[in-house]
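Accompanying notes for the structure given below.
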Amino acid sequence: MASDWLGLTGRVALVTGAAGGIGGAVAAELAAAGAKVALLDRDSDGAAKAAEALRSTGATVFAAGCDTTDQASVAAAFAAARDAIGPATILVNNAGILRPGPLAEIDIDAWNALLAVNLTGYLICAQAARPQMLKAGGGAIVHIASIAATNPQPRSGAYSPSKAGVAMLSRQLALEWGPEGVRSNVVSPGMIRTPLSESFYQAPGILERRSAMVPNRRVGTPQDIADAVTYLASPRAAYVNGAALLVDGGLDQVVMELTPRPGY
């Protein structure tokens, strides 16, 4: 097998929310595949720590603080990454937040803050990465959405609309930027154990109950998402544009299994 089967050696990737969890796993997998990786996160210390760990493996990496809701912050971070490791041909839009609250009660400021990170920030980053990609002859954007984009998530009313917006944003970018050589695709995780969701798993029995719901009989890991992202970011997915890849161990298929059917 060719050592660079994915064709990522020497390519430059920008990963937002890269200080840990899914973003950290994505950055590590892209680096392992030979890409140069910029780890960008509002937590600049966390990004620097994650970058140092990758650098110790021989990877070419860069780290910077980046508030994806702020155009000036994004422009500065992306320019610094370009100057340090070269123009980007890959963007992984991963930074995200979760805020509790049903729609009847959610504070509008909290709603707007979540949309600013989970949706508007994705567009800001895509717009900032586009000139680098065009100069390099094309590129690939992979957005992290969620199974919640197509399944309303109770007690966190703003989250599902934000992720549904990401799915349509990706399709719109695929349509508009595809002719320029920029692909846009989505990875939608199911239940993935990350620092963002870890508090759920501290409750007794939750891990076992959640695992039992999934046809694969386990909760996913950040590595499961990183593998899918790396494929979509690579030239191996050169004809994949506007797609949404659900990575959930089959969770989305269980609704009829949970429906009572007397006689069966």
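Quick rundown of the values:
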item: Subset of region 196-237 [at pLDDT below 95, within 20 Å of the chain's Cα centre (by Cα) and over 30 Å from MET133 (Cβ atoms)]; result: SER197, GLU198
item: Selection from region 88-129 of residues that are assigned to a loop (DSSP other than H, G, I, E, B) and more than 23 Å from ARG155 (Cα to Cα); result: ALA88, THR89
item: Matching residues in region 11-40 - criterion: being out of contact with any strand residue (DSSP E or B) (no Cβ under 7 Å at 6 or more places or on another chain) and either farther than 23 Å from ARG193 by Cα or of a type in the set (Val, Ile, Thr) (or both); result: ALA33, GLY34
item: Output for region 45-59, where each listed residue is surrounded by fewer than 18 Cβ atoms within 10 Å (Cβ to Cβ) and either outside any helix (DSSP H, G or I) or touching a Cys at 6+ places or on another chain (Cβ under 8 Å) (or both); result: SER56, THR57, GLY58
item: One residue from LEU258, LEU175 being modelled with pLDDT of 95 or more and more than 23 Å from ALA33 (Cβ to Cβ); result: LEU175
item: All positions within region 31-69 that are of a type in the set (D, E, K, R) and free of Cβ contacts under 8 Å to residues at least 40 places away in the same chain; result: ASP43, ASP45, LYS49, GLU52, ARG55, ASP67
item: Residue list for region 27-43, restricted to those being of a type in the set (Gly, Ala, Ser), in a helix (DSSP H, G or I) and over 12 Å from PHE62 (Cβ atoms); result: ALA28, ALA32
item: Residue ID - farthest from the chain's Cα centre (by Cα), chosen from residues in region 238-264 that are farther than 27 Å from ARG218 by Cα and surrounded by 10 or more Cβ atoms within 10 Å (Cβ to Cβ); result: ALA238
item: Out of GLY121, GLY101, sole residue that is closer than 16 Å to LEU14 by Cβ and either touching a residue at least 40 places away in the same chain (Cβ under 8 Å) or crowded, with 18+ Cβ neighbours inside 10 Å (or both); result: GLY121
item: Qualifying positions in region 214-264 - in a loop (DSSP other than H, G, I, E, B) and acidic (Asp, Glu); result: ASP248, GLU257
item: Members of region 60-73 that are outside any loop (DSSP other than H, G, I, E, B), closer than 20 Å to ARG11 by Cα and not small (Gly, Ala, Ser); result: VAL61, PHE62
item: Answer residue from region 60-80, given it is under 17 Å from GLY34 (Cβ atoms) and of a type in the set (A, V, I, L, M, F, W, C) and is surrounded by the most Cβ atoms within 10 Å (Cβ to Cβ) among those; result: VAL61
item: One residue from SER146, SER188 being more than 19 Å from GLN71 (Cα to Cα), buried (at least 23 other Cβ atoms within 10 Å of the Cβ) and in contact (Cβ under 8 Å) with a residue 60 or more places away in the chain; result: SER188
item: Test result for SER211, among the small types (Gly, Ala, Ser), surrounded by fewer than 14 Cβ atoms within 10 Å (Cβ to Cβ) and part of a helix (DSSP H, G or I); result: no
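The values are calculated or read from the model by the stated rules, or taken from the named source; none is laboratory data. Keep in mind that what you see is a predicted model, and the values were worked out from it rather than measured. We place every Cβ from the backbone using ideal geometry, glycine too, and count neighbours over all the protein chains shown.
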